[in-house]
Ligand SMILES: Nc1nc2c(ncn2[C@@H]2O[C@H](COP(=O)(O)OP(=O)(O)OP(=O)(O)O)[C@@H](O)[C@H]2O)c(=O)[nH]1
Ligand SMILES: [Mg+2]
């Protein structure tokens, strides 16, 4: 049997209906709105994420895929450490690991025999849950998703997750956020080659956002919320 | 930066504790297989995992109260855990914690992104992970009860998440609701007609409502419940123990009530009602 085209794999992974737990997450949007960010700022905020926080995730996935392609499982710890250092808020790391568990569950069911997937399964069993970006990197390695498309997928998924969450949080014409998602992806495009070229953990962009980290911490303590993070 | 220096210091009551040291129970092949996998491949093999019991039904019918009743009735003999799926708040979890029927740590709220039905059917990941975490943190557990966020009559649990499920109605919703059917009313493992103590005040004939329900269910179990009626609580209690017994012996097979109510197809012969029980029921081509 021939395997699915890598574009089909990318579309599957980008589909919000993918059963991996993503629907309970808002990609930091609910924390931002509850933290006082005005709704009018969402389009600019999406562009901001696409060119900063999303690239930390994207770089992590790209470097993971390269490390696993070299069959160098020992390199994973370095990638996870680099990601964690760039994601200082425990609430965000917890949320990313929860998503990683959901993603790994799916990856294990879809590509059980692929060495990259087996490597992350073994690593998680020995060292604890891996963040979503690392699991995505393993899926990219397993399916041959090119680095540039891994970056685009990460940026799109982040923006679309926030856009979908926005419709649950604010009254809005659903068409408006679709435009903003495209704008965010366009804004990230000039950064794609740079992030896709990352090889070592040190090269992963360190462009997280302290404000987002702070909002995430405050959100994790609320008893009234629709989304996990 | 060593991650332990900034490890979870400000986690919410509902968050999974200490990520770095968290044992990866879900990463062990096989350990995280949902009830579905267990029921198909190893149908007759006794299991040591906790029974996962879903509780669904419309808003306000008394799901949280029923869970509190089960905890009160069985808390002394079973090791219990509870997961709630709140829509806007962790109200259900807080209600249950304040009911004092279970250690507060054994009751966890899971966010559903405003889609409680998705969280019990289309994408059960968040609930499954929460169930695994509860089972790991308080191992061994006998029973994990998952309360769905109050939803409409069509919301039922996927067998990928629960081994058995209770669908709850109440008399105050009207005596004819049971007749209207739907997957939960028709095919949940147990239908509870709740708050029977209110029947005289809302003009509902409980015996009639139970008879209608039994007919709609082809004689699957129905319990007419009131938390103030000890005999009915005893009936609920023994139903739970029976299911747990057959689950442990390996005899219990998780049933899927299906995502859809049985529905009508017009054709030349006048049409027919079909449900989505049978495997392959979706093989035919038609738009729902
Ligand atoms: N009279 C009477 N009232 C009951 C009974 N069980 C529950 N209630 C009341 O019904 C109301 C709703 O009960 P809950 O247990 O919160 O219902 P729920 O289905 O969990 O509600 P949601 O989670 O909001 O969908 C509360 O005021 C309960 O006190 C009962 O047996 N008799
Ligand atoms: Mg409730």
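FYI, it's all coordinate maths here, none of it is from the lab. Predicted model only: the values in this text are computed from it and were never measured. Heads up, the Cβs are rebuilt from the backbone with ideal geometry, glycines too, and the neighbour counts pull from every protein chain shown.
Summary of values
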quantity	calculated
Rounded to 10°, Cα long-axis angle of helix A:115-127 versus longest principal axis of chain A	70
Choice from A:74, A:28, A:207 with maximal GNM fluctuation in chain A (Cα, 10 Å cutoff)	A:74
Near-label residues of segment A:124-151 by backbone N, under 18 Å of a point 7 Å along Cα→Cβ of residue B:139	A:124-130
Virtual spin-label span in nm between residue A:6 and residue A:200, 7 Å along Cα→Cβ	2.5
Chain A, helix-only ellipticity at 222 nm - DSSP H runs n ≥ 4, -39,500 (n - 2.57), divided by all residues, nearest 500	-20500 deg cm²/dmol
Difference of contour (0.36 nm per residue) and Cα-Cα distance, residue B:105 to residue B:72	10.2 nm
With Cα atoms, 0 to 90° folded angle of helix A:90-110 axis to chain A main axis	50
Chain A: angle of helix A:76-85 to the longest principal axis, Cα-based, in degrees nearest 10	20
Beta bridges per DSSP with both ends in the protein assembly as shown, % antiparallel, nearest 5	15
